[in-house]
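Scroll down for the structure; my scribbles are underneath it.
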Amino acid sequence: MTQRVGRISDVASTKAKQGRVPVSPATVWRWVAEGKFPKPFKLGANVTVWDMDVVDSWIAQQSEGVSA
């Protein structure tokens, strides 16, 4: 199985592009620092990515916690 990875531009949203979560890159980084969002990992000195399966699981867990 191939691991799907994504950079901050794939995870967070900007005015120009919709990401997996509808929050800014700054919010994603703040949530990572607070332990509220999955941590990324380094592929190289200047390449930081998230495992997109982990991000998708996090999104699913958040939707389960929302009461209608």
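Within segment 34-49, how many residues turn out to be surrounded by 10 or more Cβ atoms within 10 Å (Cβ to Cβ) and over 11 Å from the mean Cα position of the chain (by Cα)?
Total meeting the criteria: 4.
Of the residues contained in segment 52-63, none is found to be open to solvent by 70 Å² or more (accessible area, probe 1.4 Å) and part of a loop (DSSP other than H, G, I, E, B).
Restricting the first member to segment 39-68 and to residues that are under 17 Å from VAL5 (Cα atoms), and the second to residues that are assigned to a strand (DSSP E or B) and among the polar types (S, T, N, Q), the beta-carbon pairs closer than 6 Å and six or more apart or on different chains are PRO40/THR48; LYS42/THR48.
If a residue must be in a loop (DSSP other than H, G, I, E, B), in contact (Cβ under 8 Å) with a residue 12 or more places away in the chain and small (Gly, Ala, Ser), how many such residues does segment 1-33 contain? Spell out the reasoning first.
The initial filter retains those residues of segment 1-33 that are in a loop (DSSP other than H, G, I, E, B), namely 1-4, 7, 12-24.
Still in the list and also in contact (Cβ under 8 Å) with a residue 12 or more places away in the chain: 3-4, 7, 12, 20-21, 24.
Still in the running and small (Gly, Ala, Ser): 12, 24.
The number of residues fulfilling the criteria is 2.
Within segment 18-28, one or more residues are touching a Ser or Thr at 6+ places or on another chain (Cβ under 6 Å), modelled with pLDDT of 95 or more and of a type in the set (Gly, Ala, Ser).
The values are calculated or read from the model by the stated rules, or taken from the named source; none is laboratory data. Note that this is a predicted model, so its numbers are computed, not measured. Positions of Cβ are backbone-derived with ideal geometry, glycine not excepted, and every protein chain shown enters the neighbour counts. Surface areas here come from the heavy atoms of the whole protein model, side chains and all, with no ligands, DNA or RNA. Shrake-Rupley method; radii C 1.70, N 1.55, O 1.52, S 1.80 Å.
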